[in-house]
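Student: Mind having a look at this structure? Questions to follow.
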Amino acid sequence: MLKRRVPRVVVSGFLLAVAVSGLTACRTSPSVAAYVGDEEISVSELQSAVEDRLADPGVAAYAEGQRDDFTRRVLGLLVQEEVYAEAAERYDVRVGNEEVRARIDELLGGDDPDEVFGQLAQQGIGRVDVVENVRQQLVRREIAEAEGEADELSDQALRARYQEVRESLGEVSFGYITVPDDATAQAVVAQLTADPAAYPALAAQYAGAATIPALESRAPDQLPAILAEGIAAAAPNTAFATPVPEAGGVVVTFVEGVVYPSFEEVRPQLESEAVETAGNERIEAVRDDLEVTVNPRYGVLEDGRLVPGGGGVVDILGDEDAAATAPAPAPAPAE
């Protein structure tokens, strides 16, 4: 069955970084999940944060069967919050709730918030994590701007970056029209091949739930699954027919080809990413300076990421007394 496009949120806005670099393995206590400089994240605080997220049915479904992994992920996010709080303090930047809400609205565009947040929940990402992640994005930007990084974005550097990422920005321009039978489908295919500009008129003639009235541009991973292979194989400005009984007949797909945004269209995004990259470098420096310490009960480090320890199965949400007497995994080496 054909489905409308799933709303795509700007990836850089809602992508959650859960790697916890800069962790060491000393000064652990059974009641402390992690130390971030002079701050502590207690086991009870971590448990509460996990339960708060699991109150969302979508997040709970994601975490089912992988509770320990989910808890490690939440611990990484809590550590990240402390690092950003310290960075904001050091650089004297403040990001208010209104700024965060405005940025989220910008990222959502015209997409339905409940639908988008529901999809994120299915990936284990709760609303509180989205809000905090967007706040951190703005903190990075504020720090970079406070340090004068935004003034160093030359036109030449931005154009070079555009050329590097241009191919990844390409989207397929296409449309589909559902007609009642194969004979009609072949006639529509011939009309579209002879005159691609006829698409809107033909779509209006066969309007319906399984017809797109005007051509759309989507990323390759957002194409309707039943049509994706045919679209990928089609030459520009050609059409093909696919029997889809669930759609009520035969679907005629017209493929205009791959389209790319212009440099000017993506320049604001390129500038934003460049500023955030500069800000992120300063965040990393703060994180390293804080010498974050994780309780080995929650795992060990591998390539800067918190992963399960090698000491067997550990119930990392068990009671604190049991944790105090249980064998701990090998401590993570200091970076």
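The values are calculated or read from the model by the stated rules, or taken from the named source; none is laboratory data. Predicted, not measured: the structure shown is a model, and the values here were computed from it. Areas reflect the complete protein model, heavy atoms only, side chains present, ligands, DNA and RNA absent. Shrake-Rupley method; radii C 1.70, N 1.55, O 1.52, S 1.80 Å.
Student: Within the range 199-311, what whole-number % of the accessible surface is contributed by carbon and sulfur, with the 1.4 Å probe and all protein chains included in the calculation?
Tutor: On the way: 2810 of 5370 Å².
Carbon and sulfur together cover 52 percent of it.
Student: For the range 94-105, take each phi angle, set θ = phi - 60°, evaluate the Karplus expression 6.51 cos²θ - 1.76 cosθ + 1.60, and give the result in whole Hz per residue in order, putting x for glycine and proline.
Tutor: Computed from phi, the couplings for the range 94-105 are 9, 10, x, 4, 5, 5, 5, 4, 5, 5, 5, 4 Hz.
Student: How would Y206, Y199, Y260 rank on accessible area, largest to smallest, probe 1.4 Å?
Tutor: On the way: Y206 55, Y199 0, Y260 80 Å².
Per-residue accessible area, sorted high to low, gives Y260, Y206, Y199.
Student: Not counting ligands, DNA or RNA, and with a 1.4 Å probe, what is R101's accessible surface area in Å² rounded to the nearest 10?
Tutor: Surface accessible to solvent at R101 totals approximately 140 Å².
Student: Counting only heavy atoms of protein chains, what accessible area per residue, in Å², does the range 220-285 have with a probe of 1.4 Å?
Tutor: On the way: 3270 Å² over 66 residues.
Value for the range 220-285: 50 Å² per residue.
Student: Please calculate the 1.4 Å probe accessible area of S262, with all protein chains present, and give it to the nearest 10 Å².
Tutor: Approximately 50 Å² for this residue.
Student: Right, another one. Calculate what fraction, in whole %, of the accessible area of the range 45-153 sits on carbon and sulfur atoms when a 1.4 Å probe is rolled over the protein chains. Before the final figure, lay out each step's value.
Tutor: Values: 2170 of 5300 Å².
In the range 45-153, the share of accessible area belonging to carbon and sulfur is 41 percent.
Student: What number comes out for accessible area per residue over the range 49-114 if the probe is 1.4 Å? Units Å², please. The partial results should precede the final answer.
Tutor: On the way: 3420 Å² over 66 residues.
Spelled out: the 1.4 Å probe surface of the range 49-114, per residue, equals 52 Å².
Student: May I pose another question? Can you give the relative contact order of the range 31-105 as a percent, counting alpha carbon pairs under 8 Å and 6+ residues apart?
Tutor: Values: 39 pairs, mean separation 19.9, N = 75.
The normalised contact order for the range 31-105 reaches 26 percent.
Student: Continuing with the same structure: Compare V43, V165 by solvent-accessible area with a 1.4 Å probe and give them largest first, with all protein chains kept in place. Mind showing how you got there, number by number?
Tutor: Values: V43 0, V165 25 Å².
Ranked list, largest accessible area first: V165, V43.
Student: Output needed: percent of Cα pairs per 10 Å distance bin for the range 128-224, bins running from 0 to the one holding the longest distance.
Tutor: Cα pair-distance distribution for the range 128-224, in percent: 13, 23, 22, 16, 17, 8, 1.
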